[in-house]
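Every number in this text was worked out from the coordinates using simple rules, so none of it is lab data. Worth saying up front: this structure is predicted, and the values here are computed from it rather than measured. Every residue, glycine as well, gets a Cβ built from its backbone with ideal geometry; the counts of neighbours run over all protein chains shown.
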Amino acid sequence: MDGEPFGSQSNVFGEVVFSTGMGGYQESMTDPASRGQILVMTFPAIGNSGTCASLNQSSGVHIRGLVVREYCKEPSKMYGDETLDTFMKRHRIPGISGIDTRELVIKIRQAGTLRGTICFGDVDEAVKKAKSTPLPSESNLVAEVSSKDIVKINNKKKQTVGVLDCGYKTSLLKELSERFNVILLPYDTTAQKIIDLGINGIVISDGPGDPAHPDIKRTTAAAVSDLLSKVPILGIGLGGQIAGTALGAETYKMKFGHHGCNQPVKYEKRVYMTSQNHGYSVNTDTIDGTDMIADQFNVNDGTVEGMKHRDLPILTVQYRPDASPGPCDTSFLFDKFKKTVEAFK
């Protein structure tokens, strides 16, 4: 597809995914779970509110490229520190506009997540290179976005939780800091090191890539397996999938994943709107024997959106209860986890 360039003019390769939200482009771009993605925005006009530093969900931009029908060159000054074009140039991210995003989304829905390239120059050569380049998910993307050091945040709370950082968003840290002291942990921190820190609960954050990647199974999943009966655990997004694998379930790559801030989830006889950004899911056929119960489901496609353990204080969700962007319908889960941590002995 031919279009008009904006942002940085550089050739990139990635997995092409689409986001169904009407807004939240900046949050999606700075979400570490977007690592390796060429992001297609289904809403036709993007950049209307510019960009604002306070909306960033991490210290950088993690998508490899952005595809839009139309980008706004003169955004509202209500939020904007700078235009989307300037923001992308500063972070060296290419964009392409003038694309029939409806047609592109139909192709993705029919064929599944695609390899893609945004290129300036020889198209045939770029396509040839894209076809021979390993998929981003074949790399350990979590290692690229995880904290390198242990960071302690004293919020003067009674309880302390550790966050196994697979690619956390600032909105997650905000929700946890309102309720706990927080210790950020590199994704490959051992179970013994976590226990020695004296934490009262563990949150496995969301992040990019394959939860069954050998490096993740060898480190994060192994540590979670050793902690299952020792502390309450909350797994979010990729973190929920990792908890599932630690208990013996299997995951699979979805046809085109869930990306956007308007995904409906049925939980306890209610439907909640949620923000999501993931391309993998737990296989329901492999849950039997793990003592996990699937109790939350996506209304659109029936995939598992959440599980709980029959006996242990373990809860997992595919979506982001911290939202940002999106509805705050499920933020009560953090209060539920707080009560679980306080009651655990």
**OP:** Give the percent of DSSP beta bridges with both residues in the chain that are antiparallel, rounded to the nearest 5.
**Re:** 55 percent
Original post:
Karplus couplings for region 37-48 from phi (6.51 cos²θ - 1.76 cosθ + 1.60, θ = phi - 60°), rounded to Hz, Gly and Pro as x?
Top reply: 8, 9, 9, 9, 8, 6, 5, x, 10, 10, x, 4
Subject >> Ellipsoid semi-axes in whole angstrom, largest first, where each is sqrt(5λ) of the Cα gyration tensor of region 230-345 >> reply: 21, 18, 12
Original post:
From the cross-link list Lys107/Lys255; Lys174/Lys269; Lys174/Lys338; Lys193/Lys230; Lys152/Lys174; Lys158/Lys345, which pairs have alpha carbons spaced over 19 Å apart?
Top reply: Lys174/Lys269
Original post:
Any idea what angle helix 101-111 forms with the longest principal axis of the chain, computed on alpha-carbon atoms, 0 to 90 degrees, nearest 10?
Top reply: 50 degrees
Original post:
What is the calculated FRET efficiency for Leu135 to Met254, with r their C-beta to C-beta distance and R₀ = 22 Å, to the nearest 0.05?
Top reply: 0.95
Original post:
At 222 nm, what helix-only mean residue ellipticity would the chain give, in deg cm²/dmol to the nearest 500, using -39500 (n - 2.57) for each DSSP H run of four or more?
Top reply: -6000 deg cm²/dmol
**OP:** Could you give me the radius of gyration and the Dmax of region 4-137, taking only the C-alpha atoms into account and expressing both in angstrom?
**Re:** 14.1, 44
Original post:
Which value does Rg/Rh take for region 86-223 over its C-alpha atoms, Rh per Kirkwood?
Top reply: 1.10
**OP:** Compute the normalised compactness of region 84-166: alpha-carbon radius of gyration over 2.2 N^0.38 Å, N being the residue count.
**Re:** 1.67
Original post:
Taking Rh as the Kirkwood radius computed over C-alpha pairs, what is the Stokes-Einstein D of the chain at 4 °C in a medium of viscosity 1.567 mPa s, expressed in µm² per second?
Top reply: 64 µm²/s
**OP:** Using every pair of alpha-carbon atoms in region 141-343, split the distances into 10 Å bins beginning at 0 and state the percent of pairs per bin, rounded to integers.
**Re:** 9, 40, 39, 11, 0
**OP:** Take the alpha-carbon positions of region 292-345, form their convex hull, and give its projected area averaged over all directions (one quarter of the hull surface) in nm².
**Re:** 4.3 nm²
Subject >> Cβ-Cβ FRET estimate between Asn283 and Asp100, R0 fixed at 35 Å, reported to 0.05 >> reply: 0.55
**OP:** Would you mind getting me the FRET efficiency between Lys193 and Ser10? Use the beta-carbon distance for r and R0 = 41 Å, nearest 0.05.
**Re:** 0.55
**OP:** Compute the label zone of Thr86 within region 32-66: residues whose backbone N is under 19 Å from the point 7 Å along Cα-to-Cβ.
**Re:** 46-56, 60-61
Subject >> Simple label model, 7 Å out from Cα along Cβ direction - Met1 to Glu342, nm >> reply: 5.0 nm
Subject >> Beta bridges by DSSP in region 1-82, antiparallel share as percent, to the nearest 5 >> reply: 10 percent
**OP:** Kindly identify region 28-96 as rounded, prolate or oblate by the Cα gyration tensor criterion: order the square roots of the eigenvalues as a ≥ b ≥ c, call it rounded if a/c is under 1.5, otherwise compare a/b with b/c, prolate if a/b is larger, else oblate.
**Re:** oblate
Subject >> Set Lys253/Lys308; Lys131/Lys169; Lys169/Lys308; Lys266/Lys339; Lys308/Lys339 screened for pairs whose C-alpha atoms are more than 20 Å apart >> reply: Lys253/Lys308; Lys131/Lys169; Lys169/Lys308; Lys266/Lys339
Original post:
Taking neighbour counts of Cβ atoms within 10 Å as a proxy for exposure, in what order, fewest first, do Lys156, Lys336, Lys217 appear?
Top reply: Lys156, Lys336, Lys217
Subject >> Inter-site label distance for Tyr79 and Lys174 at 7 Å from Cα along Cβ, in nm >> reply: 1.1 nm
Original post:
Do any chymotrypsin sites (Phe, Trp or Tyr not before Pro) in region 108-180 lie in a loop, going by DSSP, with at most 15 other beta-carbon atoms within 10 Å of their beta carbon, and if so which?
Top reply: Phe120
**OP:** Would you mind checking the tilt of helix 332-343 against the longest principal axis of the Cα atoms of the chain, expressed as 0 to 90 degrees and rounded to 10?
**Re:** 30 degrees
Original post:
Would you list His91, His259 from fewest to most Cβ contacts within 10 Å?
Top reply: His91, His259
